[in-house]
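Enquirer: Below you'll find the structure I mean.
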Amino acid sequence: KTAYEILTCDWSSDVCSSDLLEMSERPRIHQLVGASLRLAKMLDRLAIDLVQSYLYRANAMTSICARMSSRKPILVTSQRSLAPLGGRLAVWSARWTRRLSTRVVAVSQSVRHDLVTHESFPADKIVVIPNGVDTDRFRRRPQSSVRTHLGIDPEAVVVGAAGRLTPVKGFEIGRAHV
């Protein structure tokens, strides 16, 4: 196609509201199946050609509903972490449904390697797109002005890190070596 329209399905969308998904924060299997059926019908009704999802619950649900759809849209899911983000059922469902994806976006070569090595996921179905940073917004500023603004001693050692505070991120290793 030469033209396309982007349709976002989230909790605030007019097209895909919380009524359509009807799930709690920690949904039961019947809620996931029901929401997947409703979403598959919506994919058919709106003639959706491509579905992209983010995070394991959305990946699992969209993988199922895209295959239930009579249109069989292209399905792009994502893998953001090396650590499982949930219990055994979440890990199993993520691995099983990932196989239904047309492509998987990995945020690093490490994540790609993990998918290939530990899940035997086909390497040719993985695309690596690293997380990006807006370099205009987060440009380097003179060290003295930032330290003065934050009230930090000009001679102090300052280490910054951003991420989910879980062991896999290695913050404790960094703290132990400062």
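The values are calculated or read from the model by the stated rules, or taken from the named source; none is laboratory data. Nothing here was measured: the structure is a model prediction, and the numbers come from that model. Cβ atoms come from the backbone with ideal geometry, glycine included; neighbour counts cover every protein chain shown. Just so you know, the surface numbers come from the protein's heavy atoms only, side chains and all, with ligands and any DNA or RNA stripped out. Shrake-Rupley method; radii C 1.70, N 1.55, O 1.52, S 1.80 Å.
Enquirer: If you check 111, 127, which single one turns out to be within 14 Å of the chain's Cα centre (by Cα) and over 30 Å from residue 28 (Cβ atoms)?
Expert: 127
Enquirer: Of all residues in the stretch 60-77, how many are under 11 Å from the mean Cα position of the chain (by Cα) and surrounded by fewer than 22 Cβ atoms within 10 Å (Cβ to Cβ)?
Expert: Of the residues in that region, 1 qualify.
Enquirer: Let me ask something additional. Name the pairs whose Cβ atoms lie under 6 Å apart, with the first residue in the stretch 60-73 and under 16 Å from residue 86 (Cβ atoms), the second among the hydroxyl-bearing types (Ser, Thr, Tyr) and part of a helix (DSSP H, G or I), and 6 or more positions between them or separate chains?
Expert: From the stretch 60-73, the pairs are 60/93; 60/97; 61/36; 63/97.
Enquirer: Out of all the residues in the stretch 46-58, is one or more part of a helix (DSSP H, G or I), more than 24 Å from residue 168 (Cα to Cα), open to solvent by 40 Å² or more (accessible area, probe 1.4 Å) and out of contact with any helix residue (DSSP H, G or I) (no Cβ under 8 Å at 6 or more places or on another chain)?
Expert: Among the residues of the stretch 46-58, not one is part of a helix (DSSP H, G or I), more than 24 Å from residue 168 (Cα to Cα), open to solvent by 40 Å² or more (accessible area, probe 1.4 Å) and out of contact with any helix residue (DSSP H, G or I) (no Cβ under 8 Å at 6 or more places or on another chain), which makes the answer no.
One line per residue, one yes/no per condition, for (1) under 18 Å from residue 114 (Cβ atoms); (2) in a helix (DSSP H, G or I); (3) in contact with a strand residue (DSSP E or B) (Cβ under 9 Å, 6 or more places away or on another chain):
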{"position": "62", "(1), (2), (3)": "no, yes, yes"}
{"position": "70", "(1), (2), (3)": "no, no, no"}
{"position": "76", "(1), (2), (3)": "no, no, yes"}
{"position": "89", "(1), (2), (3)": "no, yes, no"}
{"position": "92", "(1), (2), (3)": "yes, yes, no"}
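Enquirer: When both residues are 6+ apart or on different chains and their Cβ atoms are under 6 Å apart, which pairs have a first residue that lies in the stretch 82-102 and is open to solvent by less than 40 Å² (accessible area, probe 1.4 Å), and a second that is modelled with pLDDT of 85 or more?
Expert: 97/63; 101/75; 101/77
Residue by residue, here is whether (1) modelled with pLDDT of 90 or more; (2) under 22 Å from residue 28 (Cα atoms); (3) among the aromatic types (Phe, Trp, Tyr); (4) more than 16 Å from the chain's Cα centre (by Cα) holds:
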site	(1), (2), (3), (4)
46	no, no, no, yes
58	no, yes, no, no
89	no, yes, no, yes
141	no, no, no, yes
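Enquirer: Let me ask something else about it. Can you report the number of residues in the stretch 150-178 which are open to solvent by less than 100 Å² (accessible area, probe 1.4 Å) and of a type in the set (D, E, K, R)?
Expert: Counting residues in the stretch 150-178 that are open to solvent by less than 100 Å² (accessible area, probe 1.4 Å) and of a type in the set (D, E, K, R) gives 3.
Enquirer: Continuing with this model, one more query. Name the pairs whose Cβ atoms lie under 9 Å apart, with the first residue in the stretch 149-163 and farther than 18 Å from residue 173 by Cβ, the second open to solvent by 90 Å² or more (accessible area, probe 1.4 Å) and at pLDDT 75 or above, and 6 or more positions between them or separate chains?
Expert: 154/148
Enquirer: Can residue 115 be described as open to solvent by 40 Å² or more (accessible area, probe 1.4 Å) and closer than 17 Å to residue 56 by Cβ?
Expert: no
Enquirer: Consider residue 97 carefully, then state whether it is at pLDDT 85 or above, out of contact with any Asp or Glu (no Cβ under 9 Å at 6 or more places or on another chain) and within 14 Å of residue 55 (Cα to Cα).
Expert: So residue 97 fits the description; yes.
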